[in-house]
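Chemist: One structure, pasted below without further comment.
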Amino acid sequence: MSLVQRAYPSLPKLFGFAKRSFKSLRFPGEPLDPSSSPILSYGIHVFHAPDAVGIVAKLSDCIASKGGNILGASVFVPENKHVFYSRSEFIFDPIKWPRSEMDEDFHKLLTTYSAMRSVVRVPDHDPKYKICILASKQDHCLVDLLHQWQEGRLPVDITCVISNHDRGPNTHVSHFLERHGIPYHYLQTTNADKREGEILELVQNTDFLVLARYMQILSGDFLKSYGKDVINIHHGLLPSFKGGKPSKQAFDAGVKLIGATSHFVTQELDAGPIIEQMKSENLEKQCLTKAIKSYCELRVLPYEDNKTVVF
């Protein structure tokens with residue numbers, strides 16, 4: 001089992017821990033001949049609970065008691081907060097540990113420790129996250145996400161694209177969406193009507209939303225009604241230069257290096273917990289794609305109002 005350490009807020013990210021490849025592992029008592037080994041599945045578990053003595057041991061035992069083997073684990077316990085975060089990667093035999101039984105076992109831990117969050121994913125077997133992409137006139141982030149999805153590099157299913165800009169039937173984006181059967185919804189917005197009620201109806205069956213340069217501010221009522229995570233891309237290095245035209249704000253302030261920030265959306269404009277940041281220009285596409293991948297791989301969790309735990 002990999003070593004687990006506790007990290008503190010003074011560190012920008014958690015330490016990386018040693019990981020083992022699938023090929024180097026076998027269950028106790030099993031032969032070295034790979035032809036006779038079971039077909040193993042890969043799982044990820046994220047846990048957020050009040051801190052308690054022995055919690056790491058219980059998490060490890062939950063996996064090991066069903067024949068699972070931990071590849072790597074990360075733990076974060078902020079100072080003076082009495083709260084615990086962990087992310088574990090493990091392999092298991094799905095015949096010995098069926099998926100439904102796994103959910104029950106981790107749920108018991110959630111109950112035992114009064115956890116706020118216990119999420120387990122088996123990427124090769126679980127349904128992909130369903131997302132809706134919202135975009136305005138600028139479509140470079142939208143186009144990049146669509147091509148990443150087409151090439152299988154984005155572990156999501158795109159249910160639809162919503163925009164307050166009418167692209168018309170003969171654009172590259174329209175042809176792409178039609179070819180792949182992805183609905184496109186044009187909802188013209190005004191200062192008095194952001195069409196949020198209609199957007200809510202269209203995104204009911206999604207797991208989270210992605211704002212790919214969607215230049216409308218979602219209200220607190222919308223965020224509360226939707227009740228799930230919303231990821232935004234901001235073409236500036238937050239928390240500096242919030243709001244519109246951040247590049248111009250940076251230039252006027254004499255800043256020599258600008259960049260892009262992907263973050264969770266909250267009621268306060270451009271103040272949500274940061275997921276990914278990249279420096280230099282024209283990095284919005286890469287930053288947004290990396291943020292979505294990190295989210296789907298359970299590598300990032302909101303921590304307090306404007307912070308994130310990054311595994």
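The values are calculated or read from the model by the stated rules, or taken from the named source; none is laboratory data. Not measured: the values here are computed from a predicted model. All Cβ positions, glycine included, derive from the backbone under ideal geometry; neighbour counts span all protein chains shown. These accessible areas exclude ligands, DNA and RNA; they are computed on the full protein's heavy atoms, side chains included. Shrake-Rupley method; radii C 1.70, N 1.55, O 1.52, S 1.80 Å.
Chemist: Which condition breaks for THR189 when tested against (1) in contact with a strand residue (DSSP E or B) (Cβ under 8 Å, 6 or more places away or on another chain); (2) over 23 Å from ILE292 (Cβ atoms); (3) open to solvent by less than 40 Å² (accessible area, probe 1.4 Å)?
Modeler: So THR189 meets the others, but not (1).
Chemist: Keeping to the range 160-169, report how many residues are open to solvent by less than 50 Å² (accessible area, probe 1.4 Å) and assigned to a loop (DSSP other than H, G, I, E, B).
Modeler: So the answer is 3.
Chemist: Against the condition without any contact (Cβ under 8 Å) to a residue 40 or more places away in the chain, under 19 Å from ARG299 (Cα atoms) and assigned to a strand (DSSP E or B), how does PHE84 come out, does it pass?
Modeler: Spelling it out, PHE84 is indeed without any contact (Cβ under 8 Å) to a residue 40 or more places away in the chain, under 19 Å from ARG299 (Cα atoms) and assigned to a strand (DSSP E or B).
Chemist: Scan the range 151-172 for residues that are within 27 Å of the chain's Cα centre (by Cα), closer than 14 Å to GLN138 by Cα and at pLDDT below 95 and jot them down.
Modeler: HIS165
Chemist: Out of the residues in the range 45-87 that are farther than 15 Å from ARG117 by Cβ and of a type in the set (Asp, Glu), which is surrounded by the fewest Cβ atoms within 10 Å (Cβ to Cβ)?
Modeler: Residue satisfying both the conditions and the ranking: GLU79.
Chemist: Would you list the helices (runs of 4 or more DSSP H) that sit entirely within the range 219-311 and hold 2 or more residues that are in contact with a Phe, Trp or Tyr (Cβ under 7 Å, 6 or more places away or on another chain) and at pLDDT below 75?
Modeler: So the answer is 246-252.
Chemist: Restricting the first residue to the range 175-192 and requiring it to be within 19 Å of ILE131 (Cβ to Cβ) and in a loop (DSSP other than H, G, I, E, B), which pairs with a second residue that is open to solvent by less than 60 Å² (accessible area, probe 1.4 Å) and basic (Lys, Arg) meet a Cβ separation below 8 Å and a spacing of at least six or different chains?
Modeler: Matching pairs, first to second residue: LEU187/ARG195.
Chemist: May I ask you to list the residues in the range 101-159 that are open to solvent by 60 Å² or more (accessible area, probe 1.4 Å) and of a type in the set (Lys, Arg)?
Modeler: LYS108, ARG117, LYS128, LYS130, LYS137, ARG153
Chemist: Please verify whether ARG121 is out of contact with any Gly (no Cβ under 9 Å at 6 or more places or on another chain) and either modelled with pLDDT of 95 or more or not aromatic (Phe, Trp, Tyr) (or both), treating the condition exactly as stated.
Modeler: no
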